[in-house]
């Protein structure tokens, strides 16, 4: 009986030891994970609270400034939620401007949120301006779709490409869809193509479809062609179908002016061609006259030479005859 009790006690002790070991192992593993996450969590919390001292302290203690929490980098979060000073500090500490969060760089989120000063700061620190993301497009397209005019200005001033196409869209088409006249003028002054044809839409067609009359006027003033067709329909056709008489009349007038201009250019070209033909004929006639004159001169020279030769021969013959007579 005593042996049996001892055996039971030993078994219980082994189980307790096993539980203790398992418990210890699990606790140690959990503690190790917490140790890895703590610096990043501290940094994220400091960014949310805009605690610049804690941000600096956490980074100085060795927190990886470009690490991610749920796919989000500290700089991306700062551009989304933080202040200018917070972003500035992270950049000074070496945060990457190109580290992606869900396929987007910090410049994308700053553009989307309308943070023009932060956008300017990111660009000064080397952020790529024309980076393309299949979901967001480009920072310029993103800012345009969100109607952040100040951001659009910053991006264009820093040489963002206004004609960069993503999924058959360019910023000008987006601006025309939104009806923002100031932004449309910004793009045109920066070299945007007013007749950009994606195969599905043009700036003028989308502005007409959305009944943005002032945008249509700006486009026409800057050379947009109302005769361009998409799937058999021009801006004039769309205005007519939309029963907007004012818009229809504006486009018809522009179309007539372009037709007249084309006719004038054609006539000028024809006149120029006729003039060129006449000039060629005159030049050819002058050349023929010159050739005839040259031929005549050659003949005259030949005749003169022949006459001279005949004269020389006659003189020689006369001299010879004189000598014979003397003998």
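The values are calculated or read from the model by the stated rules, or taken from the named source; none is laboratory data. Values in this document were obtained by computation on a predicted structure and should not be read as measured data. Cβ sites come from the backbone with ideal geometry, for glycine too, and all protein chains shown count toward neighbours.
Each row is one residue, and each column tells you yes or no for (1) touching a helix residue (DSSP H, G or I) at 6+ places or on another chain (Cβ under 9 Å); (2) at pLDDT 95 or above; (3) assigned to a loop (DSSP other than H, G, I, E, B); (4) surrounded by fewer than 23 Cβ atoms within 10 Å (Cβ to Cβ).
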residue	(1), (2), (3), (4)
59	yes, yes, no, yes
77	yes, yes, no, yes
88	yes, yes, no, yes
97	yes, yes, yes, yes
117	yes, yes, no, yes
123	yes, yes, no, yes
131	yes, no, yes, yes
Next item on the list: Among the residues of the stretch 99-114, write down those that are crowded, with 24+ Cβ neighbours inside 10 Å and part of a loop (DSSP other than H, G, I, E, B).
Entry: 105
Notebook entry, point to check: Among the numbered criteria (1) more than 16 Å from residue 202 (Cα to Cα); (2) surrounded by fewer than 21 Cβ atoms within 10 Å (Cβ to Cβ); (3) in contact with a strand residue (DSSP E or B) (Cβ under 9 Å, 6 or more places away or on another chain), which single criterion is violated by residue 166?
Noted result: (1)
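Looking at the stretch 133-153, which of its residues are crowded, with 24+ Cβ neighbours inside 10 Å and part of a helix (DSSP H, G or I)?
139, 140, 141, 142, 143, 144, 151, 152, listed by residue number.
Considering only the stretch 171-260, give the helices (runs of 4 or more DSSP H) lying wholly within it that have at least 2 residues that are at pLDDT below 95 and more than 19 Å from residue 149 (Cβ to Cβ). Let's see the steps before the verdict.
On the way: elements: 171-178, 181-189, 203-209, 213-221, 235-241.
The helices (runs of 4 or more DSSP H) meeting that bar are 235-241.
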